[in-house]
1. Roughly how many nanometres apart are two label points built 7 Å out from the Cα toward the Cβ at residue A:305 and residue B:74?
2. For the protein assembly as shown, what does -39500 (n - 2.57) per DSSP helix run (n ≥ 4), summed and divided by total residues, give at 222 nm, in deg cm²/dmol to the nearest 500?
3. Which far-off residues, 5 or more places away or on another chain, put their amide H under 5 Å from the one on residue B:369, with H placed in the peptide plane?
4. Which cross-chain or sequence-distant (5 or more) residues have an amide H under 5 Å from the amide H of residue A:319, H modelled 1.01 Å from N in plane?
5. Give the order of B:387, A:395 when sorted by the count of other beta carbons within 10 angstrom, beginning with the fewest.
6. Calculate one ³J(HN,Hα) per residue across region A:103-119 by plugging θ = phi - 60° into the Karplus curve 6.51 cos²θ - 1.76 cosθ + 1.60, and present them in order as whole Hz with x for glycine and proline.
7. What does the copy distance list look like for residue A:291, label position 7 Å along Cα→Cβ, in nm and ordered from shortest?
8. Quick one: if the Förster radius is 25 Å, what FRET efficiency do residue A:351 and residue A:397 give, using the C-beta to C-beta distance and rounding to 0.05?
2 protein chains.
Amino acid sequence: MSSRDVSPNLALDQLVARRRAEGAAIVHLGFGESRLPVFRPLVSRLLEGASRNAYGPVAGSADARAAVAGYFTRRRMPTDADQTVLAPGSKPLLMALQLVLPGDVLLARPSWVTYAPQARLAGKQVFGVPIPDECGGVPEPEALRETIRSARASGHNPRILILTTPDNPTGTVASPALVRELCEIAESEDLLILSDEIYRDIVHDPWRPVLSPAEVVPDRTIVLTGLSKSIALGGWRIGAARFPSGPWGERIRDEVLAVASEIWSTLAGPMQAVAEYVFAEPPEVVRRIAADTRLHGIVANAVHEIMVGAGALCRPPTGGFYVYPDFEPLRERLDWHGVTDSASLQRVLLDDFGVAVLGGHHLGDDPGALRFRAATSMLYGQTAEQREAALYAERPLSLPHIRDELDLLEEKLSVFVSSGVTKGAAVFPAGVR
Amino acid sequence: MSSRDVSPNLALDQLVARRRAEGAAIVHLGFGESRLPVFRPLVSRLLEGASRNAYGPVAGSADARAAVAGYFTRRRMPTDADQTVLAPGSKPLLMALQLVLPGDVLLARPSWVTYAPQARLAGKQVFGVPIPDECGGVPEPEALRETIRSARASGHNPRILILTTPDNPTGTVASPALVRELCEIAESEDLLILSDEIYRDIVHDPWRPVLSPAEVVPDRTIVLTGLSKSIALGGWRIGAARFPSGPWGERIRDEVLAVASEIWSTLAGPMQAVAEYVFAEPPEVVRRIAADTRLHGIVANAVHEIMVGAGALCRPPTGGFYVYPDFEPLRERLDWHGVTDSASLQRVLLDDFGVAVLGGHHLGDDPGALRFRAATSMLYGQTAEQREAALYAERPLSLPHIRDELDLLEEKLSVFVSSGVTKGAAVFPAGVR
């Protein structure tokens, strides 16, 4: 039996919950969840779906699949209902895809915590590729070419390229030009693309262009989405996939359905009623998602400012609800806390400063780097009322409960990055190190 | 990429739905689902759980785990909440267990359609063992010993014994004496037991003793349960597992949680609220499950009578909602329909006689045998009103919509088993064959 751990972000969230219950004051940036209230009309849909206690089709109800098809079609990916499959989250769909698709996996480094463990469960090798300077979620093209070359030279078979845009953990959107370049590589190297677009509707600037690989190389791209992020339904577990049209896409879909039928059967009936409603995107849903997105953008940018103010390098967030600072410029100072890599960075920030973040090593990043992911969506409040207020506030940053958390974060980081200096200055004359 | 099919019972259910939509009159005994209405108080619980849109703990909420622990404790398996894990169905829990437990799998033959495909997904070898004459869901002890011997002799490592009682597909309850004998084998051969007790609360005779292997060899038994069968919630996807207390049990639970965190994250929040309520077994839930069980018993026994009347051998059903007839005594007659094995038996019954059943080959049984599973729970009606009436009827068999289906089934089977004779008699003089 191999030794396995619970997914580190879920484990960290549970740890923070325990410490808070014991009375610890923690600025929690450690969990990639949109902590916003349930959109009320969804409750009626759940109720309407309650009578669906029969198993129903593995792929989802005809209506739910039609709604998902419409969702993709409105995003320049013309889709028939038959090309879609619903599931309890996009996570099981990604797992099923890794089980049925041939070849090893190419992954942006850093990337979401679950891609690599799933690949290992499916018996695949994972090749991490550094991300470009301007954004995350996608590999830097030249590094990707080089990784493919060397992987093949060592007898491996890299075939699956996972792209995430907007991405987790850097909170950035890849440019259409970059997506096109990666699609060209996919063509020339015969790669299949898993395009994880679960953050697709959380682009801070509504006019920023988003290009799906499925628009460029539709025959070799499978798109994943879900309702966990855009409309804050993580705990309801609703995801969907879009398969290419044509025989290859049908075959992959059928294989995924076969795996689905043996692992999870189907998305729960009441949740299918919810999916039918949300994926159809009536105006009130569009407005709610826009409100969520606005809040995510405002708070992510405020945290970005704090990180940069503390002396970190950090890509400006453009999508999702994350920032991914790099404390490399402060390496010498942080050494005085015993912070020498991302594991010690995460540990010291949590234990000594009460700031919960996810070290970059958990996301496949270089363990020696001083990087972490801060999930800014955890700052909206600790009660339902606070979160509701955050969502509909004209100026969310002026709300005391958000302002206080941001101020606390700023203060904690300021002590964190300066206390090293003080300590260091007391021991060594300036310039020695 | 290996070729995979959708789980055959789900596929058959979808086929029947399509044919019925095209106007075909089909007696549908092909799908292992309790087609009864949602218990109304569950709808309020779902609603109460609607605000749970955060991910929550992978294992389930503290309250849900406490309720599951109470459920098992009331069944002579003292259980702490920490020993339990909830999931979207028992199916993903079984999959996770197959992924983390070492060794190959020993399986009753026939058994539920999903055990073997899951074992193959986990890279395991499956060894089917014939069932005893008196019941299914468990291997015949001497055949089990022999299978273990020969598997080891051929270099395999059979370590996991899956038991199902009451069982699917034979609809029978293993006797305590038999369970004890199998537990002794598990001890002497160092097997781990996965005890699938999802039909546990559907024992037709309330006084019939049911013994869990977890009562006999608690340290080597993991128990699975769920709400799909006993309270007709297949489409809501709620399952749970009970792990042994002590270090080994904790390790297996932790490994299952690790896999869970990478495949399905957690049971949907609203469903956890439902689980908290049902597993706590308030009196109205107990009454509802008793009503379901009574109906399952009455109709299963009526179908058993029809099967025996048609000339099949069939174990009398004592639990669940299945019968598993063997048409071997009629092999010569059925040959005239082109029925020579369970695949042709299933096909001819559906295509020529409008009776949907699941051939024994799908359940791992000898493909040459003339056996199938009839899911009697599909006979309660095609509308919600009919099913509601069935559930609360004093004499369900007198309800016209059930009586008519049973009469139709009897008539179809009677023609099926006699038409061969007629056809044969027309071609050959009596006695030639």
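1. 5.6
2. Details: 30 runs with 383 residues, N = 866.
Roughly -14000 deg cm²/dmol at 222 nm, from the helical runs in the protein assembly as shown.
3. B:342
4. Hits under the 5 Å cutoff: A:172, A:173, A:204.
5. A:395, B:387
6. Per residue, the Karplus-derived 3J(HN,Hα) values read x, 8, 10, 9, 9, 4, 10, x, 7, 3, 4, 8, 4, 5, x, 4, 4 Hz.
7. So the label point of residue A:291 gives 4.0 nm to the other copies.
8. Rounded to the nearest 0.05, the efficiency is 0.30.
Read the figures in this text as sums done on the coordinates, not as results from a lab. It should be emphasised that the depicted structure is a prediction, and the values quoted were computed from it without experimental measurement. Every residue, glycine among them, receives a Cβ derived from its backbone with ideal geometry; neighbour counts consider all protein chains shown.
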